[in-house]
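Notes follow once the structure below has been shown.
A short reminder: the numbers here are calculations on the coordinates, not readings from a lab. Just so you know, these numbers come straight off a predicted model, no measurement behind them. Glycine gets a Cβ as well: all are built from the backbone with ideal geometry, and neighbour counts include every protein chain shown.
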Amino acid sequence: MRYVTMIVIAATVVGCATQPATKEALARRHAANIAAAEDAGYKVTSRNGRTMFCPAGAPIGSHIAICLTESEWEQEQMGAFNWKVFNAPTPFTVTYRESY
């Protein structure tokens, strides 16, 4: 009986966690992406019904600016965020041990 209860609870949690995002949440995320991209120096355009994020200037040593789709831009931003988090210096902490 204990295992059946655990399976039911696990299935409920997984089912709730995999709900698709609502239209309002997608619209808020899209607006936040556009605002963040413009702050980062990207030009936001629409091509063939897709939102494209193009850098304002070409990369150093090139005359070709490569535009990113919204999902590619999000992945790039998450990669930069993860790099900052994982490469941040660890804070100095002091631990005390009581002598025996």
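Numbers for the structure displayed
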{"read-out": "Ranked Thr69, Thr51, Thr22, criterion: other C-beta atoms within 10 Å, fewest first", "value": "Thr22, Thr69, Thr51"}
{"read-out": "³J(HN,Hα), Karplus 6.51/-1.76/1.60, whole Hz, each residue of the stretch 47-57, x for Gly, Pro", "value": "10, 6, x, 10, 7, 10, 10, 10, x, 5, x"}
